[in-house]
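What follows is one structure encoded as structure tokens, with my remarks underneath.
Values in this text are rule-based calculations from the coordinates and carry no lab data. Values in this document were obtained by computation on a predicted structure and should not be read as measured data. Every residue, glycine as well, gets a Cβ built from its backbone with ideal geometry; the counts of neighbours run over all protein chains shown.
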Amino acid sequence: MNIPLYLAYGALLDNYLGKHKQDMKAIQAVIRRNNPEIGEADMNLELNSVNGSFLQGWFACFPSNDDKRLSEVPEYECMQILARQYKVFLNHDTLQMLECREMLQRFTPVLQEFNSKIIVPQRSIEYLQNNLMSDETEVREAAKVGLDTCLNAKREGIISIHGEATDGELSVLYPAVFSRFKLEQRLLLISQDEMLRNSVEKLDDTDDIQGFQVRTGRLDDQGTLRILPSNRH
């Protein structure tokens with residue numbers, strides 16, 4: 001399909017879906033049927049659209065100066081860039097922090113403005129659920145906070161939980177998903193776990209995996225979302 005025709009179709013679909021959001025799943029089903037390599041187990045990341053917009057999916061394929069500014073701009077401006085251009089993954093170790101609830105409250109209007117959602121793997125939810133049965137009070141309380149925060153954010157429509165029973169451990173799952181989709185999407189992992197962040201950042205070190213640079217972030221001591229600088233080019 002040539003560029004003008006794609007843009008015309010993209011604008012037509014965006015206009016239609018703006019009035020009939022409920023039909024997005026049907027359109028996604030058609031995309032999957034014509035692209036069988038896209039599996040249901042891939043956390044429902046859509047390769048042909050960004051946050052429900054086919055035109056955003058097109059323009060997101062081009063380099064952006066915003067990528068370099070993520071670790072330098074104030075939190076609100078950073079959130080705007082993320083909601084507009086990135087698929088954001090939130091790990092349970094950040095989700096179970098009390099400060100995460102406040103961060104998500106600040107993020108909510110921005111995500112809603114751009115019709116964007118944060119992705120939480122089902123494995124993260126299962127981890128928190130298992131921790132509810134821990135013998136350690138601190139672990140149980142943290143799990144309760146994480147699940148409550150996730151439930152509230154889901155009610156606000158800013159979190160989407162994806163995954164299947166066959167998904168592996170998160171230390172394997174994140175690198176697998178990021179390596180598959182970094183060619184078509186800008187991806188960010190928010191986690192307090194330095195080793196986990198490094199595992200996805202290392203995807204940029206190999207010439208075998210092309211695509212956008214993977215970014216990672218965490219909540220700092222004040223509960224502010226910080227995108228970590230990248231030394232990779």
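For the pairs 154/202; 154/182; 144/182; 68/144, note any where the Cα-Cα span goes beyond 29 Å.
Values: 154/202 31 Å; 154/182 25 Å; 144/182 32 Å; 68/144 36 Å.
From 154/202; 154/182; 144/182; 68/144, over 29 Å: 154/202; 144/182; 68/144.
For region 131-214, run through the chymotrypsin sites (Phe, Trp or Tyr not before Pro) and keep only the ones in DSSP coil with at most 12 other Cβ atoms within 10 Å of their Cβ. Don't skip to the end; give the middle numbers.
Details: sites: 178, 181, 212; in loops: 212.
Loop-located and lightly packed - none at all.
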**Request:** Within region 68-139, list the GluC sites (Glu not before Pro) lying in a DSSP loop whose Cβ has at most 16 other Cβ atoms in a 10 Å radius.
**Result:** 72, 136
